[in-house]
6 protein chains.
Amino acid sequence: MSTRVDGRADDELRPIKITRNWLDHPAGSVLIEFGRTRVLCAASASEGVPRWRKGSGLGWVTAEYAMLPAATNTRSDRESVRGRIGGRTHEISRLIGRSLRAVIDYKALGENTIQIDCDVLQADGGTRTAAVTGAYIALADACATLGVTQALTGSVAAISVGIVDGVPRLDLPYVEDVRAETDMNVVMTGEGRFVEVQGTAEGVAFDRAELDALLALAEKGCADLTRMQQEALDS
Amino acid sequence: MSTRVDGRADDELRPIKITRNWLDHPAGSVLIEFGRTRVLCAASASEGVPRWRKGSGLGWVTAEYAMLPAATNTRSDRESVRGRIGGRTHEISRLIGRSLRAVIDYKALGENTIQIDCDVLQADGGTRTAAVTGAYIALADACATLGVTQALTGSVAAISVGIVDGVPRLDLPYVEDVRAETDMNVVMTGEGRFVEVQGTAEGVAFDRAELDALLALAEKGCADLTRMQQEALDS
Amino acid sequence: MSTRVDGRADDELRPIKITRNWLDHPAGSVLIEFGRTRVLCAASASEGVPRWRKGSGLGWVTAEYAMLPAATNTRSDRESVRGRIGGRTHEISRLIGRSLRAVIDYKALGENTIQIDCDVLQADGGTRTAAVTGAYIALADACATLGVTQALTGSVAAISVGIVDGVPRLDLPYVEDVRAETDMNVVMTGEGRFVEVQGTAEGVAFDRAELDALLALAEKGCADLTRMQQEALDS
Amino acid sequence: MSTRVDGRADDELRPIKITRNWLDHPAGSVLIEFGRTRVLCAASASEGVPRWRKGSGLGWVTAEYAMLPAATNTRSDRESVRGRIGGRTHEISRLIGRSLRAVIDYKALGENTIQIDCDVLQADGGTRTAAVTGAYIALADACATLGVTQALTGSVAAISVGIVDGVPRLDLPYVEDVRAETDMNVVMTGEGRFVEVQGTAEGVAFDRAELDALLALAEKGCADLTRMQQEALDS
Amino acid sequence: MSTRVDGRADDELRPIKITRNWLDHPAGSVLIEFGRTRVLCAASASEGVPRWRKGSGLGWVTAEYAMLPAATNTRSDRESVRGRIGGRTHEISRLIGRSLRAVIDYKALGENTIQIDCDVLQADGGTRTAAVTGAYIALADACATLGVTQALTGSVAAISVGIVDGVPRLDLPYVEDVRAETDMNVVMTGEGRFVEVQGTAEGVAFDRAELDALLALAEKGCADLTRMQQEALDS
Amino acid sequence: MSTRVDGRADDELRPIKITRNWLDHPAGSVLIEFGRTRVLCAASASEGVPRWRKGSGLGWVTAEYAMLPAATNTRSDRESVRGRIGGRTHEISRLIGRSLRAVIDYKALGENTIQIDCDVLQADGGTRTAAVTGAYIALADACATLGVTQALTGSVAAISVGIVDGVPRLDLPYVEDVRAETDMNVVMTGEGRFVEVQGTAEGVAFDRAELDALLALAEKGCADLTRMQQEALDS
């Protein structure tokens, strides 16, 4: 018997909605929604690679994450106006980039660069995991556009899990996230292997049993997301 | 007999689509589309005013414009990453702010601030005019949310006009914009008065007759947009 | 019967003073004065063009505008100290550059760059129009120094006009500028065609008749300035 | 039979050296060495808290991490000269701050701020884990100096683990770190609970069994470090 | 028999020209010329002092130095555009500020701030010494405007000296400055005491005899400048 | 009979301690201590020179100075976090660079760059002079590592002198420095010639006799330091 605000079971995802080709210009683009969280993921392809990689025959994939000012409950300042990118933004951009690079064969990509942009249009918890999950689809579309589908060695999806009021739960919205004692983001391949595990005790430290429970929830959530990604790409 | 790429008459707007309340958090929000140009306008309300205005009993309205990296034909750099805002961005942000302030009664607004964010999700010419036109609706909704509808003294809308291959045309998409000899952005009130007139000779300078033709086109375009704004607000 | 603070007729320019070759180093330089407004315009020539233009056979002209801290009534902060350029500065720099490029034949200029610097030493309204007007002369001198006078396809001058207490007036000093209901800056070629028209309603929006009256004033003012530019260049 | 470059067992720490009070000015300071990795940790105490926390009766602990240019194999640029802090630096600073705050009772600290600085004088892998481990001791000394030892609710230590050539190993030096397929940093309390778990697949994704092996190694390493921290504080 | 390019004796100043009140707005302003070096010095007065000095009853004097882009032989980049102030600019701003503060009685100034701006309009060597010398006069005028002439406890002037081709020389223009083996800037009070001595070996190090010769030249130069300052202030 | 806080004679250095090769990575490194002032000097060598020097056959030496936040009595902000380098830091970095370049034969160095980093770990007055003195030794070690000892044409050392309570004193610690009426930093070669003389009146201006007394003290101090540098390099 769930006590979650939106009536979900503890191991249930929010409604996930994936809209491919939301934009006309980039090689791949997806509007992904995890409940009220809404992230626009674009994959722009360009010939050539950064200077330090030239002549290597290898491609490159990189990512930038950002949040629109009005995406949050109370408006947040624009980082371009502040003139500097915050630590959180840096951290998430790096996480997305690493996650996608885990399923890229640079050699098969050739000396091309795919630049991923994940812009949060509306935030309600789980923006980074929605970003990774949507970005993978945009990336897959960009690889298809470039004619290098073999550069993708697998798929990746990501989900947040946390312990709220002592109960491990999947896919936390903002109201649960702020109350969570422990918060974990997990990125997994479609084959069920781990790419990133980032767990943080917000209040009291967590023990091994709690960690195991969270990992199990995340495995289920990522498997569900993998299925939805596949359906979106097949449609 | 039109020779426009999309078959429009020279004095015809692109299909305009206005979606109110596209976001959950801000006091007002609109997704506005001028053809393939798509701008998300949000109006966030907060109590209090900037320091230099405190104790005056007057409110404040300000605006920021930005473009997502993947909004354009070829990806553009993120201004937050470059660490500085470009001149074009500054210029348009200031234009939007001035345009909206032209229909605000600061006293009726009271010591409240409305912050407008116009984020271009997709660009195909006319982003600044779509931004002004959409921002007005978000502003009207925010005033209603605040219970100060009397703070709005009128409406504003904006449209681009230009001379392409010697012919004055309304509402230029990107392909026409880059070929225009003269490019003009006009902001008008719902009553048909001018708020901003910004004309620029891209190639050869223009004469008075051309200027008059452009102004006439803009008057028609803004009148059409005013009607659509009203319909959107009435719905 | 004028009611202007300095006794001028409504369609009369302030005393204009043009001193060529005020500096020893740049290819062209002018100290231009519109009444108490004093702008130092320098045109520095260098071989080569920006990277994106290399090998095109075409030249480039660009401009930067700035204001000394003590130029204004109350000292303003130095933009280099603040570490960022304000929107107004950006906007005016871009206006000056566009205005001058309107009379440049890039091919005749060859792969050379002319960099215009307009530094306001003292501000009393109309700094951007004085800058354009003076910069044209510095540019002409720089073209002569480079031996490419044929790169200039015409001349440009600029003037401000505005409606003050309901009366259209030419060349507003600061005291009139702050009270103007409408403020317009107009850049014209020596042949009387328009390069830029930038009109802004500061208070109430303006109607078409007012716009026409302002344009007529500006045409007269620019014609006067064109004559003075020619005299200065002939001397 | 170990094959590690320095002859260590796979579950063995490098020689750890802790020098308390290495500096004269701050309330607490430690030079900590994990093999050739050398981090100077300082805890500066000051009265008062950041603005957003004033009047709450609660204290604050924050951290900054940085690396001297000559700390690395080949000199790295100084972030102050580049004018911006890199993503990695931001990420680690935030990790250290969160880790220390996990064992702080803000109420017992009172409205005081402890600012932790972790400066890497020499880097040979594991700088962030050495930083957390040393910073805890500096923090403990600062609490003692302030007379608020009860503000510390426990201890924290951190260690890196990774899979190198298929073998899980503890406390990776640089040469192992660059070759690791999976890299994990774990922060634990003295009581053996988890504060942070950050695992990243550098090459292929890792499975649950590998994750479990790494966690077990980390638990041993953190327990060893906790003992050394206690000895240092008792001396 | 002088071998100086401009026929001066080795201990002779360039023609010095001082124009008071060159600007209308600031409390004091001077255009000072050392030969072709031309520096505009403005002293802006404002009530109040920086936060760290509030309530002390003491005033404050600070200075900023900058160079217009076209002031130099080949155009230099604008620091506001680069987004950061160079080391040389910082260094000279600090020198000017310290020099002026040496003759200020903060108590007599009261809680007022005088902000000095020294902008180099044209550079031909010795810009910092011209700046100090001119700034003193602007400062004196500002003190008079404020009605606190007693806040000035003396006068300051500055001059450059150097060893060129083995010969000690006074007031080096650019062509001598670049060839100087040793370059020294000296700031002195009107009473002949030293405020700043900054000597630098550009090529070979200098010995005590050379240092003494340079100091003697500087003493003469500063005495001459002191006289000219006094004349300017008396006129 | 000395009245100095630490019992030193007025012309006596603090205890000087020089530890070579304190770091493993750079070509040369020294931890130098002047009493409680502790500066880590590293000399990193790399092939190639800055762009403006390429193909000249000449090498380059440059320096950066910085202070750890906890080095000072009360913690100072980190310049990388503030996003800009302060004037003092710029000034000292430039001083160190010039001082070292005074004893470098660029031709003998070949097209190599030596980058000096001087990081103040603890500050108690005289950090810039300790930095110059230590940096010379790191530079000498780097030249030896590169096999270009002939690139060093001499040695440099630096010391601070000042007038405290009317008495000229050598090598001021912080408590004396803040009370000094005059403060001077002197850089000399091992042969007793001057490289830099930077004297500043903090309170009242100083006369020629005081200047001479300070120079004499500095000559003695630099000679002592030269001897210690030689001993360190011989060991």
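Overview of results
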item	result
Candidates A:ALA158, A:ALA144, filtered to the one that is of a type outside the set (Val, Ile, Thr), assigned to a strand (DSSP E or B) and either in contact with a strand residue (DSSP E or B) (Cβ under 7 Å, 6 or more places away or on another chain) or away from chain D (no Cβ under 14 Å) (or both)	A:ALA158
Tally, over segment B:19-42, of residues that are in a loop (DSSP other than H, G, I, E, B) and facing chain A (nearest Cβ under 7 Å)	5
Selection from segment F:55-68 of residues that are assigned to a loop (DSSP other than H, G, I, E, B), within 25 Å of F:TYR106 (Cβ to Cβ) and hydrophobic (A, V, I, L, M, F, W, C)	F:LEU58
Members of segment A:37-54 that are open to solvent by 40 Å² or more (accessible area, probe 1.4 Å) and under 8 Å from A:GLU111 (Cα atoms)	A:GLU47, A:LYS54
Any hit, segment A:171-179, residues being within 14 Å of chain D (Cβ to nearest Cβ), open to solvent by less than 10 Å² (accessible area, probe 1.4 Å) and closer than 20 Å to A:ILE137 by Cβ	no
Single residue of F:THR72, F:THR89 found to be more than 21 Å from F:ALA223 (Cα to Cα) and touching a Phe, Trp or Tyr at 6+ places or on another chain (Cβ under 7 Å)	F:THR89
Odd one out for C:SER2, checked against (1) facing another protein chain (nearest Cβ under 8 Å); (2) modelled with pLDDT under 95; (3) in contact with an Asp or Glu (Cβ under 8 Å, 6 or more places away or on another chain)	(1)
Selection status of F:VAL204, within 14 Å of chain E (Cβ to nearest Cβ) and under 21 Å from F:ILE92 (Cβ atoms)	no
Failed condition for A:ALA216, given (1) under 30 Å from D:ALA158 (Cα atoms); (2) open to solvent by less than 10 Å² (accessible area, probe 1.4 Å)	(2)
Positions within segment E:89-141 being in a loop (DSSP other than H, G, I, E, B), among the charged types (D, E, K, R) and within 22 Å of E:ILE18 (Cβ to Cβ), in sequence order	E:ASP124
Any pair with Cβ under 8 angstrom, 6 or more apart, that starts in segment C:21-33 at a residue that is in contact (Cβ under 8 Å) with a residue 40 or more places away in the chain and ends at one that is aromatic (Phe, Trp, Tyr) and open to solvent by 30 Å² or more (accessible area, probe 1.4 Å)	C:SER29/C:TRP22; C:VAL30/C:TRP22; C:LEU31/C:TRP22
All positions within segment D:75-88 that are surrounded by fewer than 19 Cβ atoms within 10 Å (Cβ to Cβ) and in a helix (DSSP H, G or I)	D:VAL81, D:ARG82, D:GLY87, D:ARG88
Criterion: open to solvent by 40 Å² or more (accessible area, probe 1.4 Å) and in contact (Cβ under 8 Å) with a residue 24 or more places away in the chain - qualifying residue of A:VAL167, A:VAL161, A:VAL195, A:VAL186	A:VAL167
Failed item in (1) touching a strand residue (DSSP E or B) at 6+ places or on another chain (Cβ under 7 Å); (2) at the interface with chain F (Cβ under 8 Å from one of its Cβ atoms); (3) assigned to a loop (DSSP other than H, G, I, E, B), with D:LEU13 passing the rest	(2)
Residues of segment F:219-230 classified as open to solvent by 60 Å² or more (accessible area, probe 1.4 Å) and touching a residue at least 40 places away in the same chain (Cβ under 8 Å), total	2
Matching residues, segment F:72-103, being in contact (Cβ under 8 Å) with a residue 40 or more places away in the chain and more than 17 Å from the chain's Cα centre (by Cα)	F:THR72, F:ASN73
Residue within segment B:161-169 that is more than 13 Å from chain C (Cβ to nearest Cβ) and under 19 Å from the mean Cα position of the chain (by Cα) present	yes
Any hit, segment E:132-148, residues being in contact with a Phe, Trp or Tyr (Cβ under 8 Å, 6 or more places away or on another chain) and not hydroxyl-bearing (Ser, Thr, Tyr)	no
Residues satisfying the stated conditions in segment C:78-125, i.e. closer than 20 Å to C:ILE159 by Cβ, small (Gly, Ala, Ser) and within 13 Å of chain B (Cβ to nearest Cβ)	C:SER93, C:GLY97, C:SER99, C:ALA102
Selection from segment A:43-56 of residues that are at positive phi and within 14 Å of chain B (Cβ to nearest Cβ)	A:GLY48
Considering residues of segment A:213-234 that are in contact with a helix residue (DSSP H, G or I) (Cβ under 9 Å, 6 or more places away or on another chain) and within 17 Å of A:VAL164 (Cβ to Cβ) only, the residue farthest from the other protein chains (Cβ to nearest Cβ)	A:GLY221
Number of positions in segment F:8-36 that are surrounded by fewer than 24 Cβ atoms within 10 Å (Cβ to Cβ), under 18 Å from the mean Cα position of the chain (by Cα) and within 22 Å of D:ALA71 (Cα to Cα)	8
Residue within segment A:57-74 that is more than 9 Å from chain B (Cβ to nearest Cβ), crowded, with 19+ Cβ neighbours inside 10 Å and at pLDDT below 95 present	no
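So that you can scan it fast, the table gives a plain yes or no per residue for (1) modelled with pLDDT of 95 or more; (2) of a type in the set (S, T, N, Q); (3) open to solvent by less than 10 Å² (accessible area, probe 1.4 Å):
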{"residue": "B:ASN112", "(1), (2), (3)": "yes, yes, no"}
{"residue": "B:GLN115", "(1), (2), (3)": "yes, yes, no"}
{"residue": "B:LEU121", "(1), (2), (3)": "yes, no, yes"}
{"residue": "B:ALA130", "(1), (2), (3)": "yes, no, yes"}
{"residue": "B:ALA135", "(1), (2), (3)": "yes, no, yes"}
{"residue": "B:ALA138", "(1), (2), (3)": "yes, no, yes"}
{"residue": "B:CYS143", "(1), (2), (3)": "yes, no, yes"}
{"residue": "B:LEU152", "(1), (2), (3)": "yes, no, no"}
{"residue": "B:ALA157", "(1), (2), (3)": "yes, no, yes"}
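The values are calculated or read from the model by the stated rules, or taken from the named source; none is laboratory data. Worth saying up front: this structure is predicted, and the values here are computed from it rather than measured. Glycine also receives a Cβ, built like all others from the backbone with ideal geometry; neighbour counts cover every protein chain displayed. Side chains included, ligands, DNA and RNA excluded: accessible areas come from the protein's heavy atoms. Shrake-Rupley method; radii C 1.70, N 1.55, O 1.52, S 1.80 Å.
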